1. Select from region 308-411 those chymotrypsin sites (Phe, Trp or Tyr not before Pro) which occupy a DSSP coil region and have at most 16 other Cβ atoms within 10 Å, ordered by residue number.
2. Find how much the distance from ARG272 to THR307 grows on full extension, using 0.36 nm per residue of separation minus their present alpha carbon separation; answer in nm with one decimal.
3. Once you've got the GNM for the chain with C-alpha springs shorter than 10 Å, pick whichever of ASP219, ASP208, ASP98 has the biggest mean-square fluctuation.
4. What are the residues whose amide H is under 5 Å from the amide H of VAL167, where those residues sit 5 or more places off or on another chain and H is modelled from the backbone?
5. Loop-only chymotrypsin sites (Phe, Trp or Tyr not before Pro) in region 1-110, please: DSSP not H, G, I, E or B, and at most 13 other Cβ atoms within 10 Å.
6. Once you treat every alpha carbon in region 40-138 as an equal point and sum by Debye, what is log10 I(q)/I(0) at q = 0.17, 0.20, 0.22, 0.25 Å⁻¹?
7. Using amide H atoms built 1.01 Å from N in the peptide plane, name the residues 5+ places from ALA243, or on other chains, whose amide H lies under 5 Å from its own.
8. With θ set to phi - 60°, apply the Karplus curve 6.51 cos²θ - 1.76 cosθ + 1.60 along region 246-261 and write out the HN-Hα couplings as whole Hz, x wherever there is a Gly or Pro.
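Taken together, the values in this text are just the output of simple stated rules run on the coordinates, not laboratory data. Keep in mind it's a predicted model, so treat the numbers as computed, not measured. Here the Cβ positions follow ideal geometry from the backbone for every residue, glycine too, while neighbour counts run over all protein chains shown.
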Amino acid sequence: MAHHEQSKATFPEHIRKKRNGEQLSAGEIRDFVQGVKDKTIQESQIGAMLMAIWLKGMVAEETLALTKEMMMSGEVMSWPAEWEGLMVDKHSTGGVGDKISLVLAPALAACGCKVPMISGRGLAHTGGTLDKLESIPGFNVYQSVQQLHRILEEVGCCIVGQTDNLVPADKVMYALRDVTSTVDSLPLITGSIISKKGAESLSALVLDVKFGNAALYKDLDSAKSLAQSMVTVGNSLGIRTGAVLSRMNCPIGRCVGNTLEVMESLECLKGRGPDDILELVTSLGGLLLWMIGRAGSLDEGKKVISTTLQNGAALEKFQNMMIGQGVANQIAASLCSTNADYYSILRRAHYQTELETQGHGTVLDIDGMVIAQVLHRLGAGRSKAGDPVNHSVGAELLVSLGQKVEKALLN
Ligand code: IUR
């Protein structure tokens with residue numbers, strides 16, 4: 001990409017322009033992102049610009065320029081020519097019990113796709129895929145670009161943390177958004193998420209945009225706007241991008257908490273997962289297969305993904321991915337055996353208790369947000385980046401929506 005000259009205006013002028021609700025030019029956006037990356041603009045100025053963007057928004061053209069500049073602020077990956085059309089990934093805006101990546105990445109690899117999944121850690125009430133995987137002894141989420149290539153070559157999928165040089169501007173901006181109350185801005189979220197996916201040089205991307213009381217955006221309309229913004233920018237960058245809007249009130253599946261979610265993911269990979277997880281995995285995966293032309297329709301794509309969960313092909317990929325990312329052969333094999341004794345390998349919580357209902361009735365709602373907040377207080381999540389998490393903290397739902405419960409039943 002040709003680098004344009006820096007615009008002549010000074011940075012306070014750029015801030016004033018956005019503050020006054022004017023549109024920034026591509027050059028001005030480039031100055032901003034370059035300044036963030038090179039640390040030539042002050043944190044106070046970055047904070048002021050972030051707030052101006054939060055308040056005044058950006059038109060589609062500005063959001064695209066922001067995303068492109070962020071993407072180009074670091075390394076953009078390149079892949080062997082024979083993988084053309086096969087590079088796929090998924091992003092979720094975050095949910096309670098969202099372990100979809102752990103099942104979907106190996107299922108897609110079993111379909112011949114290459115999945116260079118770069119994931120995040122949990123913050124606030126939502127869990128992070130990297131934290132979940134780190135509850136498996138030996139699992140190393142930090143892999144060099146060379147290692148990433150090797151694992152994709154040999155296995156087809158990996159789930160790793162953001163490498164140092166991938167979208168460095170986002171690292172700075174994200175940390176400052178967190179402390180300036182500018183996280184929930186459509187252009188800033190779009191830029192942050194799509195720049196990182198763009199740097200993965202994908203053929204296709206599917207977005208799982210959540211709505212509901214345990215999601216970032218509570219109502220369907222705002223989730224739709226976010227999906228639309230990300231789909232537009234993704235497609236403009238040359239990535240076939242699609243979105244699924246999914247409800248995030250109840251936790252996904254029956255388990256919440258790092259270790260328990262790994263166990264539930266393994267059960268899904270053994271063909272024994274709950275229906276809601278299966279529905280999400282097959283929908284997201286089926287859509288991707290359809291988008292890259294490996295399935296003739298969404299339905300066909302869903303069936304292909306479902307087959308990999310039933311016939312052990314996805315499980316084998318997960319086993320090899322674990323080994324590729326540092327887990328001992330013996331441990332990976334034990335976790336993937338049909339009747340695995342998970343707690344012979346994973347850490348069980350010191351204390352376990354069953355919550356009993358005080359009366360009888362029907363389960364009308366399961367509030368994922370409350371469950372997440374309680375587990376957070378017990379140590380499952382972190383309050384700020386870098387805090388440790390307790391992998392063994394978790395909750396398992398013993399009842400489902402619509403189920404009748406009475407005190408005696410649970411005693
Ligand atoms: N995840 C990201 O990578 N970026 C964001 O802005 C949000 C979630 I919100």
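1. Values: sites: PHE318, TYR342, TYR343, TYR351; in loops: TYR351.
Sites meeting the loop and neighbour criteria: TYR351.
2. Working: separation 35, 0.36 × 35 = 12.60 nm, distance 1.25 nm.
Answer, rounded to one decimal: 11.3 nm.
3. ASP219
4. For VAL167, the qualifying residues are GLY74, GLU75.
5. Values: sites: PHE32, TRP54, TRP83; in loops: none.
Nothing satisfies the criteria.
6. -1.09, -1.17, -1.20, -1.25
7. Correct list: LEU207.
8. For region 246-261, the Karplus-derived couplings read 10, 6, 10, 10, 6, x, 7, x, 10, 10, 10, x, 4, 5, 4, 6 Hz, x marking Gly and Pro.
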